[in-house]
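Peer 1: I am attaching a structure below and will ask some questions about it afterwards.
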Amino acid sequence: MNAALLACPATWVVFGIIAVVAAIYIAVAAINKLKGTSISATGIIFGVFAVLGAHIYNTFVVPIHNGFVSLANFVGNVFKNPVAAIKVLFLDMVLGVLGYIKNLASGIETLINKIPGMKVNLTSGLNGVYNFVKGYQDKTKSAAGWKEYAKNWDYMS
C-alpha cells in the first residue's frame, strides 16, 4: 500500500466492506460452532447485498426511469392532443406521489399491526383514491387516443 492509495476514500470504503464481510463470516462460524448449526455465511452476505440492490433499484433507478418515461410519452403525445397530454403528465405525477404515500402508510400499518391486539387498515382509503386517479387517467388516455411510447417499470418486492 502506498500513501496515495491509503489517502483515497474509495480504498477505505472497500476496506470497510471487506471488514464487514469478514466479521459476518467469523460471527457465523462462531454461531455454527456453538449451536451445532450449518448456517451459510455466503448466503447471508449475498442476501444482504440482494436487499441492498433491490433498495437502490426501487429508490433511485425505477423512479428516475419512470420520470423519463412520463416525459417521453408526454412529448410523443403533446402534438396530437396537448390538453390530454398535460392532464396525463400531471396524473402520472399524482400517481407517483400517491404510490409513495401508499407505501409509507403500508409500512406504518404493518408495524402497528405487529403490536398484539392492534388491527388497523390505513391503506384501504388510499387504494381507493389511487384507483380513482388511475381510472381517470385511463379514461383520459383512451379519449385522447394516447399512445404509449415507453412502459413504466415495476418496483421489486
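Each reported figure results from applying straightforward, stated rules to the coordinates on display, with no laboratory input. Keep in mind the model is a prediction, meaning the values are calculated, not measured. Methodologically, a virtual Cβ is constructed for each residue, glycine included, from the backbone with ideal geometry; neighbour enumeration extends over all protein chains shown.
Peer 1: Loop only per DSSP, at most 11 neighbouring Cβ atoms within 10 Å: give me the chymotrypsin sites (Phe, Trp or Tyr not before Pro) in the stretch 15-112, ordered by residue number.
Peer 2: Here the sparse-neighbourhood loop sites are Phe79.
Peer 1: Among the listed pairs Lys80/Lys134; Lys87/Lys119; Lys102/Lys151, which have their C-alpha atoms separated by more than 29 angstrom in this model?
Peer 2: Violating the 29 Å Cα-Cα cut-off are Lys87/Lys119.
Peer 1: Identify the trypsin sites (Lys or Arg not before Pro) of the stretch 96-157 meeting these criteria: DSSP loop state and at most 10 other C-beta atoms within 10 Å of the C-beta. Mind showing how you got there, number by number?
Peer 2: Working: sites: Lys102, Lys114, Lys119, Lys134, Lys139, Lys141, Lys147, Lys151; in loops: Lys114, Lys119, Lys147, Lys151.
Taking the stretch 96-157 and a limit of 10 other Cβ atoms within 10 Å, the loop trypsin sites (Lys or Arg not before Pro) found are Lys114, Lys119, Lys147, Lys151.
Peer 1: Treat the stretch 56-157 as a sphere of radius equal to its Kirkwood radius over Cα pairs and apply Stokes-Einstein at 4 °C in a medium of 1.567 mPa s; give the translational diffusion coefficient in µm²/s, rounded to a whole number.
Peer 2: On the way: Rh = 15.1 Å.
For these conditions, the coefficient is 86 µm²/s.
Peer 1: Need the list of aspartates and glutamates near Lys141 for cross-linking: C-alpha distance under 12 angstrom, and skip anything on the same chain fewer than eight residues off.
Peer 2: Asp92
Peer 1: Residue by residue through the stretch 70-86, which ³J(HN,Hα) values in whole Hz follow from phi under the Karplus form 6.51 cos²θ - 1.76 cosθ + 1.60 (θ = phi - 60°), with glycine and proline marked x?
Peer 2: Karplus values, whole Hz, x for Gly and Pro: 4, 5, 5, 5, 4, 5, x, 10, 5, 8, 7, 8, x, 5, 5, 5, 5.
Peer 1: Tell me the mean residue ellipticity at 222 nm calculated for the chain from its helices only (DSSP H runs of n ≥ 4, each -39500 (n - 2.57), averaged over every residue, nearest 500).
Peer 2: The helix contribution divided over the chain gives -26000 deg cm²/dmol.
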